[in-house]
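Okay, structure first, notes after.
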Amino acid sequence: MDEKEIIKKAAQYFSAKIAEFGDSPKGVDWNSVDSQVIRLAQVMKVIKEKQSFSVNDLGCGNGQLIETLRNDFFSNFRYVGSDISKEMIELATLKYKGDKQIEFIHIQNVSDIPICDYTLASGIFNMKLSINIKDWEKYIFNTILTINSKSIKGFSFNMLTSYSDKEKMRDDLYYADPSAVFDFCKNNCSKNISLLHDYDLYDFTLIVRK
């Protein structure tokens, strides 16, 4: 399956979620608000300054990262939220209408995102659906390379971990080997990388600084 087909399949899945559940945690396919706040706090660690920076929120959903940034006293930043689901973008745009710090764009491909100081991506590599693992892994690594090219100061993302409890793993989800992803980023993106696997959830976060 090529990248275009993968994106189309994923977009259909998330658009169906927002159509069914609306502006709610289930609408953006979260298990819980509390766990998502923890995840966002991890990816935000790549940002070194509290103000005067630009950030891509790749797979932005309903824009929850905006409130998380503001609640943690980040200010005066330019935010660009992007998503492959048109319905997600329409919802988020309406929600933040008139906020001059905020922009949302519907993307067909990751290469459509602008160049920013930072790119943050939470949960975009988890939902494999019925896609072949080799095709999904190729898509993941190509996406990481694109994110790297669009990020001036650094980027961060999370993935479900292969160290999850085996009996709880699902066939439609992708569980990554943290060391393999770390090695890929170390060899292809930057020498300054942190692997965070200590926040009591079944995933890990990679922080890549330029």
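The values are calculated or read from the model by the stated rules, or taken from the named source; none is laboratory data. Source: prediction; values computed, not measured. Here the Cβ positions follow ideal geometry from the backbone for every residue, glycine too, while neighbour counts run over all protein chains shown. Only protein heavy atoms, including side chains, enter the accessible area calculation; ligands, DNA and RNA are left aside. Shrake-Rupley method; radii C 1.70, N 1.55, O 1.52, S 1.80 Å.
Brief remarks follow.
- Reciprocal of mean inverse Cα separation for the stretch 114-170 (Kirkwood radius, Å): 12.8
- Enclosed volume per residue, in Å³, of the convex hull spanned by Cα atoms of the chain: 113
- Pairwise alpha-carbon distances in the stretch 55-110 exceed 14 Å for 47% of all pairs.
- Sulfur and carbon atoms: percent of accessible area, the stretch 135-197 [1.4 Å]: 48
- 3J(HN,Hα) from dihedral phi, the stretch 116-122, Karplus parametrisation 6.51/-1.76/1.60, rounded to Hz, x for glycine, proline: 9, 4, 10, 10, 10, 9, 10
- Residues of the chain: accessible area per residue with a 1.4 Å probe, Å²: 49
- Taking every DSSP bridge with both residues inside the chain, close to 35 percent are antiparallel.
- What the Cβ-Cβ distance of ASN71 and LYS100 gives, at R0 = 22 Å and to the nearest 0.05, is a FRET efficiency of 0.70.
- A Cβ-based charge dipole, computed about the Cα centre of the stretch 49-163 with Lys and Arg at +1 and Asp and Glu at -1, lands at about 100 debye.
- Of VAL37, VAL110, VAL80, the one that fluctuates the most in a GNM where the chain has Cα springs shorter than 10 Å: VAL37
- Rounded to whole Å, sorted largest first: equivalent-ellipsoid semi-axes of the stretch 140-210, Cα gyration tensor: 23, 13, 10
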